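Each remark here refers to the structure printed beneath this line.
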């Protein structure tokens with residue numbers, strides 16, 4: 001029940017999408033006609049129509065009446081420009097928390113339009129089934145099993161997690177999986193397992209603010225590495241850093257990076273793992289978005305290429321199945337015992353009821369069906385919101401093109417200040433995640449992360465339009 | 001529904017128990033006859049019989065046929081002897097974890113007799129009711145409420161916790177309560193909120209090994225303070241330490257201390273809080289056992305006397321209602337915002353399902369009824385196990401006399417090595433918690449913490465007898 005179903009039309013759509021992204025098919029190009037493609041590939045017309053519909057949904061092509069499908073012209077953020085994006089390689093003691101709390105504290109209000117939120121819409125998740133699974137599992141267990149919470153986590157859940165690794169072709173040892181209080185705890189424990197106060201940790205640029213907060217809390221120093229908005233960390237830049245100084249660990253998100261949405265290709269992931277192995281540097285891999293792929297297959301984690309046990313792979317069900325249940329895990333390779341001990345020392349064990357609910361849900365089947373539904377919904381929302389952003393934001397705005405997840409990273413024209421936009425929007429109960437949250441030295445002043453994980457309701461539409469208007473007003477003011 | 005019910009016989013029993021403990025009534029003394037007491041106090045014979053039965057249950061008195069009730073002769077550990085117990089005031093960098101993991105790792109096996117465990121028997125807790133409460137609460141909530149897990153915790157649960165503080169006469173501000181992943185996380189977050197690496201923290205002597213582990217993890221230094229086995233930390237010794245050096249915090253367990261079971265009297269708690277306020281030192285108060293009192297009233301926490309917001313009060317439902325649910329909290333006074341931020345940085349928020357299950361259970365009522373049942377069971381087990389220990393352990397063994405909780409701390413005759421006993425017992429699938437776990441410098445080599453939280457089954461009886469036999473063999477060997 002866990003195998004990925006690859007239909008023909010998905011294969012075809014993925015292939016064409018890759019050609020568009022690589023530039024082999026360029027904006028304005030006409031896609032092959034149904035007749036040609038049918039002859040070339042031996043697929044049925046319905047397969048071709050489905051594939052084209054999928055590409056249209058992804059915003060990659062558009063249908064023109066009586067002319068066929070064409071590759072869309074897009075605002076295409078292929079590369080962050082040197083003026084704002086290149087990290088300086090300087091070691092920065094981190095002090096981001098105040099800013100994060102100040103900016104995000106007010107965004108948790110349910111009346112606020114959640115464009116700055118880090119979670120997709122709650123309606124996308126099967127809470128009723130989970131509650132039923134939980135109740136069923138709790139009834140079946142005796143007191144001793146419920147109270148005897150093991151530090152490493154419930155055995156049935158760990159077995160299910162291990163099974164999914166295996167089905168995705170990622171080798172893990174059963175005993176290296178430690179269940180945690182969401183991926184956040186997994187990442188924090190892994191970071192602590194491989195560092196001492198004062199150590200240097202390499203992070204992406206831009207990077208997820210929670211990584212910066214974790215570094216700050218553990219008295220670590222951040223060094224940011226240049227990160228391609230489409231393909232993730234630049235390995236040459238990383239190697240230069242590794243040569244330059246002693247690095248205790250890397251904390252990267254190679255799949256659908258937050259905030260860029262970048263997806264590191266498999267071959268590059270393998271090269272990354274090999275590079276770090278040469279320097280003996282552990283990789284903390286934050287992989288919470290991988291299940292939310294728009295393509296046909298779940299991207300492999302860097303962990304898949306790890307032969308030294310140096311990759312500490314962290315993930316959770318919070319983004320894919322059960323937000324609020326806070327069930328995450330680390331598959332921590334050679335550091336598994338250390339992570340388990342730190343878990344025991346900091347929170348003893350994770351609560352049993354949410355673990356049982358999820359384990360039971362996984363055993364019953366339905367997770368993959370749910371995921372297909374979730375991915376479809378996210379992709380639809382993504383496309384609709386992007387189209388609106390392209391229409392409403394000022395000329396010169398560029399954005400990333402994630403192939404999964406629910407974030408998009410915008411770069412606004414020079415001189416626009418997204419922190420100012422954030423405050424103006426909050427005054428109208430619309431949250432955003434301004435770029436300054438995503439680096440230790442507050443470099444991304446004209447960047448913005450938007451959450452596209454919510455159905456594009458009239459309220460969301462109005463909010464996106466308002467952001468566009470605010471940005472235009474600033475761009476206009478600066479142009480004068 | 002939360003008010004403490006103080007019956008007449010409980011009042012009378014408490015009063016007599018206090019006289020016995022203070023020495024006003026001494027071993028061998030006859031208790032007043034029913035007729036005398038009835039005349040003196042105007043209480044009914046049945047009240048007196050109930051009170052005497054209660055004292056008998058507590059192991060404080062014994063009935064002699066046709067003679068009445070007499071104060072029992074007991075092995076009475078009033079004070080840890082200077083040779084082994086007095087802490088040296090030396091600052092110790094902590095490195096206890098290896099030992100803890102080595103000794104306790106193997107004790108979690110369900111086939112092991114759990115005398116070294118830190119939890120009482122699972123059958124004592126209402127897991128079925130909790131699961132029903134959880135299912136009910138989950139059905140009632142919408143997705144947004146389930147997924148919108150707030151860092152500080154579910155509002156309904158925080159309100160219930162606040163209500164219990166109020167009913168116990170402890171003033172708290174609603175917004176200072178942060179729900180955590182068990183008390184363990186609360187304690188760790190509080191410790192981190194008030195310290196920097198390298199700081200000195202005062203702990204009890206002996207102290208709970210988890211406190212030592214937390215200090216170790218945060219690169220803190222421990223200084224142990226002399227602790228009376230009946231009444232907790234000696235304030236003169238504490239003041240001497242405070243005068244001597246800069247102290248960042250104290251981490252104490254003033255009510256039913258682990259491992260001693262010591263209960264600091266109210267007046268002393270007040271004096272402790274005042275002393276620390278004079279030095280501006282925060283008190284992290286670990287208060288997880290308070291609900292497990294054998295006397296009629298829940299002992300007040302030190303927090304009750306805090307006027308400066310310097311007491312960070314940590315507790316949980318893990319020992320009183322729902323082990324395995326991992327629902328704890330901190331009422332962190334002036335540090336509440338810092339603790340909330342650290343919680344957000346380390347685990348974002350606590351899982352919603354266990355919080356809802358407990359909140360719903362508390363709203364429905366039944367917690368106090370469960371607590372009365374639990375306290376009765378623990379007291380019965382305590383008495384039965386103590387009686388057996390007195391009978392089976394070598395001459396010269398002394399033990400503490402906790403008035404609540406489920407631990408007892410034994411001091412064995414000189415030369416007996418409890419670590420050796422631990423290993424011998426583990427070979428027979430019996431766990432213990434040897435004294436070396438309870439100080440940074442492994443001082444308590446002839447001490448032993450035993451868990452009396454399990455029904456005294458034939459298996460437990462046999463295990464206690466075996467421990468006594470092993471101890472006798474060692475004592476005998478040393479005497480030769």
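The values are calculated or read from the model by the stated rules, or taken from the named source; none is laboratory data. Treat the numbers as computed from the prediction; the structure is a model and nothing was measured. No Cβ is skipped: glycine too gets one built from the backbone with ideal geometry, and neighbour counts run over all protein chains shown.
A few remarks follow.
- Residue A:462 meets all of the listed conditions (1) touching a helix residue (DSSP H, G or I) at 6+ places or on another chain (Cβ under 7 Å); (2) not in a loop (DSSP other than H, G, I, E, B) but one, namely (1).
- Taking the range A:1-61 and the helices (runs of 4 or more DSSP H) fully enclosed by it, the elements with 2 or more residues that are under 23 Å from residue A:386 (Cα atoms) and modelled with pLDDT of 80 or more are at A:8-22, A:45-57.
- If you go through the range A:15-53 and keep only what is touching a helix residue (DSSP H, G or I) at 6+ places or on another chain (Cβ under 9 Å), touching a residue at least 12 places away in the same chain (Cβ under 8 Å) and under 23 Å from residue A:263 (Cα atoms), you end up with A:16, A:17, A:20, A:25, A:26, A:27, A:51, A:52.
- Test: residue in the range B:206-220 that is over 18 Å from the mean Cα position of the chain (by Cα), surrounded by fewer than 20 Cβ atoms within 10 Å (Cβ to Cβ) and farther than 15 Å from residue B:287 by Cβ: yes
- Single condition residue B:440 does not satisfy, out of (1) buried (at least 18 other Cβ atoms within 10 Å of the Cβ); (2) part of a helix (DSSP H, G or I): (2)
- Tally of residues being in a loop (DSSP other than H, G, I, E, B) and closer than 19 Å to residue B:13 by Cα across the range B:370-413: 4
- Of the residues making up the range A:241-255, one or more are more than 27 Å from residue B:189 (Cβ to Cβ), surrounded by 24 or more Cβ atoms within 10 Å (Cβ to Cβ) and touching a helix residue (DSSP H, G or I) at 6+ places or on another chain (Cβ under 7 Å).
- Just one residue in the set A:320, A:316 is in contact with a helix residue (DSSP H, G or I) (Cβ under 6 Å, 6 or more places away or on another chain), surrounded by fewer than 22 Cβ atoms within 10 Å (Cβ to Cβ), modelled with pLDDT of 95 or more and within 14 Å of chain B (Cβ to nearest Cβ); that residue is A:320.
- Of all residues in the range B:425-437, those that are surrounded by fewer than 19 Cβ atoms within 10 Å (Cβ to Cβ) and in contact (Cβ under 8 Å) with a residue 40 or more places away in the chain total 2.
- Count - residues of the range B:226-239 that are farther than 18 Å from residue B:440 by Cβ and without any contact (Cβ under 8 Å) to a residue 40 or more places away in the chain: 5
- Tallying residues that are assigned to a helix (DSSP H, G or I) and either away from every other protein chain (no Cβ under 13 Å) or out of contact with any strand residue (DSSP E or B) (no Cβ under 7 Å at 6 or more places or on another chain) (or both) within the range A:346-369 yields 14.
- Here the condition is being closer than 21 Å to residue B:337 by Cα and without any contact (Cβ under 8 Å) to a residue 12 or more places away in the chain; of B:176, B:185, B:155, it holds for B:155 alone.
- When the test is whether a residue is touching a residue at least 24 places away in the same chain (Cβ under 8 Å) and assigned to a loop (DSSP other than H, G, I, E, B), residue A:198 does not pass it.
- Under the condition of being under 26 Å from residue B:292 (Cα atoms) and under 25 Å from the mean Cα position of the chain (by Cα), the residues counted in the range B:324-374 number 28.
- Options A:149, A:159, A:144, A:183: the member that is under 26 Å from residue B:138 (Cβ atoms), at pLDDT 90 or above and within 14 Å of another protein chain (Cβ to nearest Cβ): A:183
- Some residue of the range A:214-225 being modelled with pLDDT under 95, away from chain B (no Cβ under 14 Å) and in a loop (DSSP other than H, G, I, E, B): no
- Output for the range B:106-120, where each listed residue is more than 8 Å from every other protein chain (Cβ to nearest Cβ) and modelled with pLDDT of 85 or more: B:112, B:113, B:114, B:115, B:116, B:117, B:118, B:120
- Selection within the range A:323-340 - in contact with a helix residue (DSSP H, G or I) (Cβ under 6 Å, 6 or more places away or on another chain) and within 11 Å of chain B (Cβ to nearest Cβ): A:323, A:324, A:325, A:326, A:327, A:328, A:338
- For residue B:343, the requirement of being in a helix (DSSP H, G or I), farther than 30 Å from residue B:62 by Cβ, away from chain A (no Cβ under 14 Å) and touching a residue at least 40 places away in the same chain (Cβ under 8 Å) is not met.
- Of B:448, B:419, all but one fail to be in contact with a strand residue (DSSP E or B) (Cβ under 7 Å, 6 or more places away or on another chain) and over 23 Å from residue B:59 (Cα atoms); the exception is B:419.
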